[in-house]
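Before anything else, here's the structure in question.
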Amino acid sequence: MPPYRPGSSVSEQSLTAEERREEREFQLQMAKLKIEAQQEEKRAEREAKQAQAERTAKQVEAERTLAEKKLLLAHELSLKELEIKARQSESSNNGGSIQTGPAGEKKVRIPKNVVPSFVVGGDIDKWLAAYEVALRAHEVPEGQWGVAMWGYVPPLGRDTLLTLDQPD
């Protein structure tokens, strides 16, 4: 019980103690609410950061997928262009002929029946030897052997040819 104060009644002293208790409870509740608000704010910040990270990851994935599609389409386009050139070369080439390119270099067209097409599962070394003999006989410059090979290999081999440097 609080000490007695002269000039005050017991009921005033007890009200004061009651008020102090209520004040402490009020301050405690305010502190709890402040902590809860801070926790809620931190949770909202974490969620916002996580959402931003997810959006960034999705955007990066979409950009990567788009880049892959562009590369694939460019590759397919170059394959189609090479196929068209090979077909045009075959259809316009009834016999061997020598033409001069823009830099004065020889461009030789070889009839399709001079070199047999490579058969998957066949002996590659024997075929390459026969190919070399035919190209030398038609005076094809060695720098053009890879290009000339295009019409004689199956599609899987063409994909491999595209990955090689010209001298290879």
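List, in order, the whole-Hz ³J(HN,Hα) value for each residue of segment 20-29 obtained from phi through the Karplus relation with A = 6.51, B = -1.76, C = 1.60 and θ = phi - 60°; use x for Gly and Pro.
So the J values, rounded to whole Hz, are 5, 4, 5, 4, 4, 4, 4, 5, 5, 5.
With the alpha-carbon atoms as the only input, what is the per residue convex hull volume for segment 27-85 in Å³?
26 Å³
For the pair Arg43 and Leu15, how long in nm is the line joining their label points, each one 7 Å along Cα→Cβ?
Going by the 7 Å Cα→Cβ label model, 4.2 nm.
Could you run the Karplus curve 6.51 cos²θ - 1.76 cosθ + 1.60 with θ = phi - 60° over segment 72-86 and give me ³J(HN,Hα) per residue in whole Hz, x for Gly and Pro?
Each residue's phi maps through the Karplus curve to give 5, 5, 5, 5, 4, 4, 5, 4, 4, 4, 5, 4, 5, 4, 5 Hz.
Mind listing the phi-derived Karplus ³J(HN,Hα) values for segment 135-142, rounded to whole Hz, using 6.51, -1.76 and 1.60 with θ = phi - 60°, and x for any glycine or proline?
Here the 3J(HN,Hα) series is 5, 5, 5, 9, 6, 7, x, 4 Hz.
Another question about this same structure. Summing Lys, Arg as +1 and Asp, Glu as -1, what charge do residues with Cβ under 13 Å from the Cβ of Glu36 carry, Glu36 excluded?
With Lys, Arg at +1 and Asp, Glu at -1, the neighbours total +2.
Hey, another quick one. Hey, rough spin-label estimate for Glu54 and Glu83, points 7 angstrom out along Cα→Cβ, what's it come to in nanometres?
Once both label points are built, they end up 4.3 nm from each other.
In the full protein assembly as shown, how much of Val147 is accessible to a 1.4 Å probe, in Å² to the nearest 10?
Estimated to the nearest 10 Å², Val147 gives 90 Å².
Would you please give the FRET efficiency between Arg64 and Asp125, computed as 1/(1 + (r/R0)^6) with r the Cβ-Cβ distance and R0 = 45 Å, to the nearest 0.05?
According to the calculation, E is roughly 0.65.
Further question on the same structure: Which residues' amide hydrogens lie under 5 Å from the amide hydrogen of Val115, considering only partners 5 or more residues apart or on another chain, with H built in the peptide plane?
Here the answer is none, since no amide H 5 or more places off falls under 5 Å of that of Val115.
The values are calculated or read from the model by the stated rules, or taken from the named source; none is laboratory data. In this text the structure is predicted, and so the values were computed from the model without any measurement. Cβ atoms come from the backbone with ideal geometry, glycine included; neighbour counts cover every protein chain shown. The accessibility values were calculated without ligands, DNA or RNA, using every heavy atom of the protein model including side chains. Shrake-Rupley method; radii C 1.70, N 1.55, O 1.52, S 1.80 Å.
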